[in-house]
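Structure record follows, encoded as structure tokens.
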Amino acid sequence: MTDYFRTLKQRIDRYLGKVDITRPPLSDFLHVVDEDYRRFDDDRRRLDHSLTLSSEELLQANEEMHAIFQAIPDQFFHLDADGRVITYKSGQSSKHYLTTDRLLNKNIDEIVSLEVALKFKEGIAEVLRRMSVVVFELVVIYDKRVHYYEARMMPVQVNEVVALVRDITERKQAEEQIAYLAYHDSLTGMPNNRLFKDRLRQGLAHAQRNNIMLAVMFLDLDRFKLINDTMGHDVGDKLLQITAERLSEVIRRSDALALNKSPILNSSVARLGGDEFTVMLEDVASTRAIARVAERMIEAVSEPIRINDHEVYTSTSIGIAIYPEDGEDVDKLLKHADAAMYHAKKEGRNNFQFFNQSMNDASVERLALESAMRKAIANQELSLYYQPQVSVVSGQLVGMEALIRWEHPEKGFISPSVFIPVAEETDMIMEIGEWVIQEACRQAAEWRDRGFRPVRISVNVSAKQLRDKRLPDIIASNIFDTGLEPKYLGIELTESAIIIEPDMALSRLHNIKALGVKLSLDDFGTGYSSLSYLKRFPIDTLKIDQAFVRDIRVDQEDAALVKAIIAMAHSLGMDVVAEGVELAEQLEFLGANACDTIQGYLFSRPVPAAEIEHMLGKAHIID
């Protein structure tokens, strides 16, 4: 209304100041004044209504903010510049021991630990100095547990602040768990590859600064995949856990022996992945000290392990690389230790080897060989050769063994002893083995269709193939597709292929036997078989290894052993094939002792299909 009266006064002054001749009638003047009043009154009413609405909206907003404030789980502190608590709200989900009646009008350092109070007061000072939000974390210990909080503090007046304090204990614990999992193996709890490499980098930096020796050991469990596949992943996982414990214990026991100082701090054992472990030894005294640690590891891993109803035996092959002789960075040391480990496997497993440059060259060659093998399969560079098996009594060709050969386009023939182990390690043996069965059946059917006298063709099946539940179906499918009589296909297995998981092997062999296929046990006498196994398995033929045949004319023990094998096999209803027969004297001895069939260079080396066809047409191989 003040504006209205001011305007009215101005109008009156202007009205009275005019001369009578220009002054309008008073009634007109009053009419204008009345119109102004009505307009100002309308404006006033609208303003009053607007103010009423704003008050209601403000009240509603205040109630909403109060509800939101009460729902916030954070603790709320209203503090003055000295840290005195003006107002406090406990929060809905906070786990703490503070209550309102304990806090009001008290200084913060009276109600929390000095360390936490100092954090609060530092925060208050910074907020009031900057007049902006400050965020910091607190650690509080109560109920014998560590609790983590996040405080978000902001100014409300020149000398007052508010702080929202949130319990972040669960988040912190989750972050710690994530960090742990990122650097540790979930199965064994050991450091993983990432953490090991970090520690190795630190160890190398320390070794370089102090001009000291550092060793990296690469361990691989021998035949772990076989155990894992045959006994189950639960057994395999338990084996890895026990092995990890044993390796850690060996390091703890060996520190004083192998290391110069700070024994526990200067070593690290990690699980690299699968059945591979790595060990770092810092500040070692000598290579002999490293060797003693490796020896103890081999002994510890070789101890039998009882898992459920299984007694598991395993061993380890260890490769060792030394800084600075074998490399000065993480990748090179691990690569060279890995190469040394593969050399240990080639040397018979269950041993350790120090790295030398020739091993690295061998690793490069092995990778090249693996790559070339994959191309060989794709490019059909593999073929089958056949070695005759001759009856001692009739002299006739009664069978043949199919043997795989690889003719490299540049290097020529590559020995199976070179590429078959690589095929086994890389699982290419599964594809190769299936092709061998297919090709042998196809060739036998072709000879039959061309009118040649049918004889049995035997193919070798690896332990990995035997573990494949599809194997009986693969054999049956190829027999059916070619129309081959099952008795003209033989399957040869080694003792090691059936001994690891005999129940599985027994079931698989019975399924194969039911097809009408003949079964042979190859290299008998060099593995683990016992009479109890021979009685259980549906074996048709025992093949005596050439190691026993070679010296039967001059070595009485070998001669006696061969006689015993022949007699035992016949008593169990099995035929006997002697391998590696090269001399007439060996043939004479075997014939005199009732050996059934002979195989060896005396009659023929393994030859391609085209060269063996003339033998198929001959009545007698032995004249």
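The values are calculated or read from the model by the stated rules, or taken from the named source; none is laboratory data. Source: prediction; values computed, not measured. Methodologically, a virtual Cβ is constructed for each residue, glycine included, from the backbone with ideal geometry; neighbour enumeration extends over all protein chains shown. Note: areas computed on protein heavy atoms with side chains; ligands, DNA, RNA excluded. Shrake-Rupley method; radii C 1.70, N 1.55, O 1.52, S 1.80 Å.
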So what does residue 87 come to for accessible area, using a 1.4 Å probe and Å² rounded to 10?
60
Suppose a student asked you for the relative contact order of the stretch 452-567, using Cα pairs under 8 Å spaced at least 6 residues apart; what percent would you report?
22
Residue-wise, which Karplus ³J(HN,Hα) couplings in Hz belong to the stretch 107-123, taking 6.51 cos²θ - 1.76 cosθ + 1.60, θ = phi - 60°, and x for glycine or proline?
7, 4, 6, 8, 10, 10, 5, 4, 5, 5, 4, 4, 4, 4, 5, 5, x
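What do you reckon, how do 313, 601 stack up by accessible area (1.4 Å probe), largest on top? Display every interim value, and only then the final one.
On the way: 313 140, 601 110 Å².
My answer, sorted largest first, is 313, 601.
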Whole-number D in µm² s⁻¹ for the stretch 352-462, Kirkwood Cα-pair radius fed into Stokes-Einstein, 25 °C, 0.890 mPa s
152
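Name the shape class, rounded, prolate or oblate, that the alpha-carbon gyration tensor gives for the stretch 409-556, where a ≥ b ≥ c are the square roots of its eigenvalues, rounded holds for a/c under 1.5, and otherwise prolate holds if a/b is larger than b/c and oblate otherwise.
Working: a/c = 1.32, a/b = 1.19, b/c = 1.12.
Cα axes put the stretch 409-556 in the rounded bin.
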To make sure I understand the rule: partners must be lysines, Cα under 17 Å from the Cα of residue 106, and not fewer than 8 residues away in the same chain. Which ones qualify?
89, 119, 121
Proximal charge balance of residue 189 [Cβ under 13 Å; K/R count +1, D/E count -1]:
-2
Projected area, mean over directions - the stretch 470-599, Cα convex hull, nm²:
8.2
Per-residue accessible area for residue 425 at 1.4 Å probe radius, Å² rounded to 10?
90
Around residue 492, with a cut-off of 12 angstrom between Cβ atoms, what is the net charge of the other residues, counting Lys and Arg +1 and Asp and Glu -1?
-3
When the Debye formula is applied to the Cα atoms of the stretch 96-158, each taken as the same point scatterer, what base-10 log of I(q)/I(0) results at q = 0.13 Å⁻¹?
-0.39
In what sequence, largest accessible area first, do 144, 411, 119 appear using a 1.4 Å probe?
144, 411, 119
Theoretical FRET efficiency, 1/(1+(r/R0)^6), r = Cβ-Cβ of residue 193 and residue 292, R0 22 Å, to 0.05:
0.25
Quick one: Cα centre-to-centre distance for the stretch 164-229 and the stretch 476-504, in angstrom?
45
Given a 1.4 angstrom probe, I'd like the percentage of the accessible area of the stretch 438-558 that is carbon and sulfur, rounded to a whole number.
47
At a 1.4 Å probe, what is the % contribution of carbon and sulfur to the accessible area of the stretch 296-424?
47
Using modelled amide H (1.01 Å from N, peptide plane; none on Pro or chain starts), what sits under 5 Å from the amide H of residue 213, excluding residues fewer than 5 places away?
283, 284
Of 225/332; 225/345; 335/464; 332/411; 144/172; 345/543, which sit over 19 Å apart, Cα to Cα?
225/332; 335/464; 332/411; 345/543
Quick one: net charge around residue 578, please, counting Lys, Arg +1 and Asp, Glu -1 for every other residue with C-beta under 10 Å from its C-beta.
-2
How do 346, 543 rank by accessible surface area computed with a 1.4 Å probe, from largest to smallest?
346, 543
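Once you have the alpha carbon radius of gyration of the stretch 332-414, what is it after dividing by 2.2 N^0.38 Å, with N set to its residue count?
Working: Rg = 19.3 Å, N = 83, 2.2 N^0.38 = 11.8 Å.
The stretch 332-414 yields a ratio of 1.63.
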How many nm is it between the label spots at residue 605 and residue 496, if each spot is 7 Å from the Cα in line with the beta carbon?
2.6
Nitroxide proxy distance, nm - points 7 Å out along Cα→Cβ at residue 506 and residue 145:
5.4
Quick one: how many Å² of residue 334 are accessible to a 1.4 Å probe, rounded to 10?
20
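Based on the alpha-carbon gyration tensor of the stretch 151-218 and its eigenvalue square roots a ≥ b ≥ c, which shape applies: rounded if a/c is under 1.5, prolate if not and a/b is larger than b/c, or oblate?
Judged from the Cα gyration tensor, the stretch 151-218 comes out oblate (a/c at least 1.5, b/c at or above a/b).
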